[in-house]
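*Asks:* Input: one structure, supplied below.
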Amino acid sequence: MDSFLEEEDGEAAAGKRKRSPVAQAALQPPLHLPFLRPQPVSSNEHKLNFRKSKEACLSYIQDALLQKQWKRAAEFLTCYVESLEKDYSREHIGPSEVIWRIGTEIFYHSQSSMKEFNYFMEQMKTLGVKRYLKVCLEHIFHLLCNGQIDEAYQNLSLAESWRFGEQTAIQDKEMKLIQAYRGLLDYYSWSKQKNILLEHGEDGFSDLAVEQEMHGYFRKAAVSLKEIIKIPGVWDIFVKCYVDLLEFYGDHNEAHQVLNEYAYNSKFPANPNAHVYLYQFLKRQGESKKTLISALKILHDIVPSHELMIDFNTMLQKSKKRKKRRMGLEVIFAALDYAGWKENAKAWSCLARQVKQIVISGKHLDWIKQEWSSRKDWWPAFHFSRYLAKRNWQENKSLSYEKALVAGVLLGKDCKYFKYVSHQGCKAQLKRFRMLKKFVNRHNPVYLRISGPPDSSVQP
């Protein structure tokens with residue numbers, strides 16, 4: 001941190017040393033450090049004064065951090081550390097976590113080198129054993145983010161071998177994380193060796209040494225990853241890597257069991273990704289449509305705006321069962337309630353296709369009516385304004401076509417969105433837009449039936 005505080009311009013620093021103290025004070029804004037003037041006081045008064053000074057200094061640091069004044073924050077932190085050194089013998093106040101967290105934040109946002117950051121983290125590891133492994137994990141994350149895989153692995157191995165009496169047992173959770181991340185890097189090494197082996201395999205060359213090394217990484221990674229995912233929690237990356245290992249070696253039953261446990265065990269927190277991984281695995285294994293629909297039904301209940309809802313809708317629309325086709329319409333309407341789907345051409349295509357099928361057949365108009373009744377007060381402004389019609393037409397004509405079809409059916413031929421898009425399409429002499437206009441005009445009575453008051457007797 002000392003090097004971080006040095007002046008960047010050497011000549012400016014040299015010139016500053018030649019100036020008198022009065023000149024320096026005139027050129028620089030004063031740095032008011034929050035320390036009380038020393039005076040003879042009792043022990044209790046000294047403790048009170050020190051506490052006030054410490055709280056004031058931390059307040060200055062916080063203010064500097066919020067204003068992204070990293071250098072100024074570092075100056076205050078240096079003073080904070082020095083004050084603790086002077087008073088540390090009087091009262092143990094456990095400042096190590098404060099220094100560690102503030103210092104780490106400053107380093108993350110500064111232009112400091114990895115060498116400086118590594119030095120700081122090593123100092124933090126020796127500052128207090130009660131959070132030794134947490135500091136190690138922070139250090140390892142930073143190394144991984146900067147692509148220093150080998151250095152991260154070395155630090156993981158050192159942290160795993162750390163022992164300090166009862167503190168080792170107290171930090172058991174952190175130790176499991178250390179072992180899990182080491183397993184993750186073993187998986188990374190296994191994946192690299194696997195790719196090398198596959199490349200050689202294409203040329204008909206088998207490298208026994210590479211294969212043995214790959215299996216060695218597999219064994220180490222599998223042991224570590226299997227242990228961490230037994231503990232209730234969110235372990236997405238660890239589960240994905242472990243399943244990849246199992247699938248590569250053909251242990252599909254174990255992989256299925258792991259994913260089922262991760263998705264359905266009530267001890268684990270609700271996690272949409274767990275159901276995504278299970279669905280993707282089932283799809284790779286060629287499971288039946290019924291099984292895939294069941295997996296996506298749970299995901300829909302948790303996150304109705306998930307991108308896989310298009311797959312879900314497509315499978316439901318292709319079903320021969322009326323109940324599932326009805327659910328498909330509900331799924332795509334629900335997805336389009338979210339702003340992130342407003343310009344999703346695939347989603348609008350799915351809705352337009354199903355709405356068109358229903359209108360042509362004349363059956364199940366009550367499905368559309370039920371979905372539209374709760375949306376007719378806000379969807380017109382949300383999806384079908386004239387402004388959106390202009391923008392969609394300019395940016396994506398296919399999107400504007402699908403939306404115009406839906407708008408024409410739901411809001412009739414006088415809908416602003418439909419009128420603008422159909423007019424522009426006919427003006428550009430695009431055949432599909434002329435056919436769109438004819439379709440909506442021909443089926444305009446459908447709009448009157450859909451826009452009427454909800455019929456409580458209608459069954460889904």
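The values are calculated or read from the model by the stated rules, or taken from the named source; none is laboratory data. Small disclaimer: the values here were computed from a predicted structure and weren't measured. Using ideal geometry, Cβ is built from the backbone for each residue, glycine included, and neighbour counts are taken over all protein chains shown. Surface accessibility is based on the protein's heavy atoms, side chains included, excluding ligands, DNA and RNA. Shrake-Rupley method; radii C 1.70, N 1.55, O 1.52, S 1.80 Å.
*Asks:* Would you be able to say whether some residue in region 359-373 is open to solvent by 80 Å² or more (accessible area, probe 1.4 Å) and either out of contact with any helix residue (DSSP H, G or I) (no Cβ under 7 Å at 6 or more places or on another chain) or of a type in the set (Phe, Trp, Tyr) (or both)?
*Replies:* yes
*Asks:* Out of HIS215, HIS200, I need the residue that is surrounded by fewer than 16 Cβ atoms within 10 Å (Cβ to Cβ) and in contact with an Asp or Glu (Cβ under 8 Å, 6 or more places away or on another chain). Which one?
*Replies:* Matching residue, one of HIS215, HIS200: HIS200.
*Asks:* If you don't mind, another one. Is there any pair with a first residue in region 206-228 that is under 20 Å from CYS241 (Cβ atoms) and a second that is among the acidic types (Asp, Glu) and open to solvent by less than 50 Å² (accessible area, probe 1.4 Å) whose Cβ atoms are under 6 Å apart and which are 6 or more apart or on different chains, and what are they?
*Replies:* Filtered contacts from region 206-228: TYR217/ASP186; LYS220/ASP186; ALA221/ASP186.
*Asks:* On to the next question. Could you list, in sequence order, all residues of region 179-205 that are closer than 18 Å to VAL243 by Cβ and either modelled with pLDDT under 85 or among the hydrophobic types (A, V, I, L, M, F, W, C) (or both)?
*Replies:* ALA180, LEU184, LEU185, TRP190 - these are the residues of region 179-205 that are closer than 18 Å to VAL243 by Cβ and either modelled with pLDDT under 85 or among the hydrophobic types (A, V, I, L, M, F, W, C) (or both).
Residues are listed down the side, and each one gets a yes or a no for (1) touching a helix residue (DSSP H, G or I) at 6+ places or on another chain (Cβ under 6 Å); (2) open to solvent by 80 Å² or more (accessible area, probe 1.4 Å); (3) at pLDDT 95 or above:
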residue: ALA389; (1), (2), (3): yes, no, yes
residue: GLY425; (1), (2), (3): yes, no, no
residue: LYS438; (1), (2), (3): no, yes, no
residue: GLN459; (1), (2), (3): no, yes, no
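*Asks:* Turning to a different aspect of this structure: Given the condition of a type in the set (A, V, I, L, M, F, W, C) and modelled with pLDDT of 75 or more, answer yes or no: does some residue in region 102-115 qualify?
*Replies:* yes
*Asks:* Continuing with the same structure: Condition first: at pLDDT 80 or above, part of a helix (DSSP H, G or I) and either of a type in the set (Gly, Ala, Ser) or farther than 20 Å from SER189 by Cα (or both). Now tell me which residues in region 140-170 satisfy that.
*Replies:* ALA152, SER157, ALA159 - these are the residues of region 140-170 that are at pLDDT 80 or above, part of a helix (DSSP H, G or I) and either of a type in the set (Gly, Ala, Ser) or farther than 20 Å from SER189 by Cα (or both).
*Asks:* Can I ask one more? What about VAL421, is it modelled with pLDDT of 90 or more and in contact with a helix residue (DSSP H, G or I) (Cβ under 9 Å, 6 or more places away or on another chain)?
*Replies:* For VAL421, the condition - modelled with pLDDT of 90 or more and in contact with a helix residue (DSSP H, G or I) (Cβ under 9 Å, 6 or more places away or on another chain) - is met.
*Asks:* Against the definition (under 19 Å from VAL331 (Cα atoms), buried (at least 17 other Cβ atoms within 10 Å of the Cβ) and out of contact with any Cys (no Cβ under 9 Å at 6 or more places or on another chain)), how does VAL355 come out, yes or no?
*Replies:* Spelling it out, VAL355 is indeed under 19 Å from VAL331 (Cα atoms), buried (at least 17 other Cβ atoms within 10 Å of the Cβ) and out of contact with any Cys (no Cβ under 9 Å at 6 or more places or on another chain).
*Asks:* For LYS290, work out the one condition from (1) part of a helix (DSSP H, G or I); (2) touching a helix residue (DSSP H, G or I) at 6+ places or on another chain (Cβ under 8 Å) it doesn't fulfil.
*Replies:* Failing condition for LYS290: (2).
*Asks:* Looking at region 391-415, which of its residues are open to solvent by 70 Å² or more (accessible area, probe 1.4 Å) and either modelled with pLDDT of 95 or more or more than 20 Å from TYR447 (Cβ to Cβ) (or both)?
*Replies:* Those that are open to solvent by 70 Å² or more (accessible area, probe 1.4 Å) and either modelled with pLDDT of 95 or more or more than 20 Å from TYR447 (Cβ to Cβ) (or both): ARG391, GLN394, GLU395, LYS397.
*Asks:* Can you report the number of residues in region 266-287 which are open to solvent by 40 Å² or more (accessible area, probe 1.4 Å) and not in a helix (DSSP H, G or I)?
*Replies:* The number of residues fulfilling the criteria is 7.
*Asks:* Which one of these does HIS306 not meet: (1) more than 19 Å from the chain's Cα centre (by Cα); (2) within 25 Å of LEU329 (Cβ to Cβ); (3) in a loop (DSSP other than H, G, I, E, B); (4) touching a residue at least 12 places away in the same chain (Cβ under 8 Å)?
*Replies:* Among (1) more than 19 Å from the chain's Cα centre (by Cα); (2) within 25 Å of LEU329 (Cβ to Cβ); (3) in a loop (DSSP other than H, G, I, E, B); (4) touching a residue at least 12 places away in the same chain (Cβ under 8 Å), the lone unmet condition for HIS306 is (1).
*Asks:* Restricting attention to region 221-246, report how many residues are part of a helix (DSSP H, G or I) and in contact with a Lys or Arg (Cβ under 8 Å, 6 or more places away or on another chain).
*Replies:* 4
*Asks:* Quick check on TRP378: is it of a type outside the set (Gly, Ala, Ser) and open to solvent by less than 20 Å² (accessible area, probe 1.4 Å)?
*Replies:* Details: of a type outside the set (Gly, Ala, Ser): yes; open to solvent by less than 20 Å² (accessible area, probe 1.4 Å): no.
Criteria not met by TRP378.
*Asks:* Could I ask something else about it? So how many residues does region 336-354 have that are within 21 Å of ALA389 (Cβ to Cβ) and assigned to a helix (DSSP H, G or I)?
*Replies:* Count: 12.
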